[in-house]
Structure formats: structure tokens, C-alpha cells
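The values are calculated or read from the model by the stated rules, or taken from the named source; none is laboratory data. It should be emphasised that the depicted structure is a prediction, and the values quoted were computed from it without experimental measurement. Every residue, glycine among them, receives a Cβ derived from its backbone with ideal geometry; neighbour counts consider all protein chains shown.
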Amino acid sequence: GQQLNQSPQSMFIQEGEDVSMNCTSSSIFNTWLWYKQDPGEGPVLLIALYKAGELTSNGRLTAQFGTTRKDSFLNISASIPSDVGIYFCAGSSRSQGGSEKLVFGKGTKLTVNP
Amino acid sequence: GAVVSQHPSRVICKSGTSVKIECRSLDFQATTMFWYRQFPKQSLMLMATSNEGSKATYEQGVEKDKFLINHASLTLSTLTVTSAHPEDSSFYICSASYLSSYNEQFFGPGTRLTVL
């Protein structure tokens, strides 16, 4: 089945630093989603990407849909303590008009030291 | 917008009993709802996909007779864990999407199930 390789598994950074994480796949996806999960909570959608090469920002977050359709990255600039959590990438192979199940990466655990 | 709720948030039950978890889309009509379980420090594992008025589609290895899913309306899906055992203890999360949401899934806050 489809699998996503997400890296790094964990990151320990100082407040104010920039962060980058990425996901790669052996197969093509038409949708890439980035979620953040806080402990004991459900994932919250951060950014959705639908076109190869697309670069989308949401505040201090920026994500890109790779041109090969097999990868995506998420950048967080000027990290703050509340950025702590687990970040998941997710991909889907259906582009529109229906709900296709998502394939999830294993997550990147981010720790921000004040 | 796109708010999903789950109830209860936590449940503790005795082995052998059944537990029902509700998932509701509060401000949209969910054409599809998904049920996941998540073990500590692991990613989300899809259990089943359900469309309103249809039988759920279960992932390989998930027992449909043990995890009963009902999607009776466009805003409500339920997951019933029947004859629960300690190994069923986990974090259960639902998500919902709508026809024009382009595969975006909106997640509920999760339900922590502990089976004694």
C-alpha cells in the first residue's frame, strides 16, 4: 500500500528558530495536507495543497507541494512555545469531487525550548 | 467552520461491555466520516470509512463485528466497540469531510477509551 516517509521524527529547537520537515512518497498524490496534533486532542488542519509546485502560507507556516507530486515540506518560521506538538503530513490520490481516504506520515514531534 | 465534536471525551469500562462513541459535524453536512485509532506515540490508523446511509468500509484487519459503525445522518456517525477488552484501549478519533472539501478531513477531539 501507499506509505509516506516523514522526517525528522523529532526536533528540539530554541524559540525563534525556523523549522523544516518533509514527507516523501513512492507514489503520486494529488492532495497534500499538513496537520498538527496536541496531546490528547485530534489533529487540526494547518495547510492544504492541491497543485504540483503550489506554495501556500498560513501565518508563520509555509508548505509546498513538490513538483513530482511525491513530496511536500512544511516550514515554520520564528518558532514559539505554542508550536510544540506533533505534525503529520497526509496525502490523498483523489483530486476532487469525492472523499478519498488519507495516508498519514508517522509524524514529527516538535519541542521548542523557551 | 468545519467543526467536529466527539462524545464522550473519555470513557472507562469493564471488560466485556460495549461502548458507543458519537461523532458529529456541527456546522456542515458530512458526506463521509472516518474512524481512526491511535496508540501512544504512533500515527493515526484508519479503521473504517462510512458514507451516510451506506455500510461502512473497513480496513484490512479491522473486525466489523467488533467495531460497529452507523452513519445514520449527514451529521452523526457512531462507533460501538462491542465486548471490549483491555487491548481495545486506545484513542479513537473521527473525522468528517464533505463533497466539495477536496479531501480535507476535519477531525474531532478524540475519545480516550480505557478498558479495565
The condition from (1) more than 24 Å from A:LYS106 (Cβ to Cβ); (2) more than 16 Å from the chain's Cα centre (by Cα) that B:LYS41 misses is numbered (1)
Expected single match for among the aliphatic types (A, V, I, L, M), more than 14 Å from chain B (Cβ to nearest Cβ) and touching a strand residue (DSSP E or B) at 6+ places or on another chain (Cβ under 8 Å) among A:VAL112, A:VAL44 is A:VAL112
- Could you please let me know if B:LEU46 is surrounded by 23 or more Cβ atoms within 10 Å (Cβ to Cβ) and at pLDDT 90 or above? no
Taking first residues from the range B:1-15 that are touching a residue at least 24 places away in the same chain (Cβ under 8 Å) and within 9 Å of chain A (Cβ to nearest Cβ) and second residues anywhere that are assigned to a strand (DSSP E or B) and among the acidic types (Asp, Glu), the pairs with Cβ under 9 Å that are 6 or more apart or on different chains are B:GLN6/B:GLU22
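Here is a yes/no grid of residues against (1) surrounded by fewer than 14 Cβ atoms within 10 Å (Cβ to Cβ); (2) among the hydroxyl-bearing types (Ser, Thr, Tyr); (3) touching an Asp or Glu at 6+ places or on another chain (Cβ under 8 Å); (4) within 14 Å of chain B (Cβ to nearest Cβ):
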| site | (1), (2), (3), (4) |
| --- | --- |
| A:THR56 | no, yes, no, yes |
| A:PHE73 | no, no, no, no |
| A:ILE76 | no, no, yes, no |
| A:SER93 | no, yes, yes, yes |
| A:THR108 | no, yes, no, yes |
Expected single match for in a loop (DSSP other than H, G, I, E, B) and in contact with a Ser or Thr (Cβ under 7 Å, 6 or more places away or on another chain) among A:GLY42, A:GLY53 is A:GLY53
Of the residues in the range A:4-39, those that are within 11 Å of chain B (Cβ to nearest Cβ), over 21 Å from A:ASN113 (Cα atoms) and surrounded by fewer than 17 Cβ atoms within 10 Å (Cβ to Cβ) number 0
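Do we find that B:GLY108 is at pLDDT 95 or above, out of contact with any Phe, Trp or Tyr (no Cβ under 8 Å at 6 or more places or on another chain) and either surrounded by 17 or more Cβ atoms within 10 Å (Cβ to Cβ) or under 22 Å from A:LEU45 (Cβ atoms) (or both) in this structure? Can you show your working first?
Numbers: at pLDDT 95 or above: yes; out of contact with any Phe, Trp or Tyr (no Cβ under 8 Å at 6 or more places or on another chain): yes; either surrounded by 17 or more Cβ atoms within 10 Å (Cβ to Cβ) or under 22 Å from A:LEU45 (Cβ atoms) (or both): yes.
Yes, satisfied.
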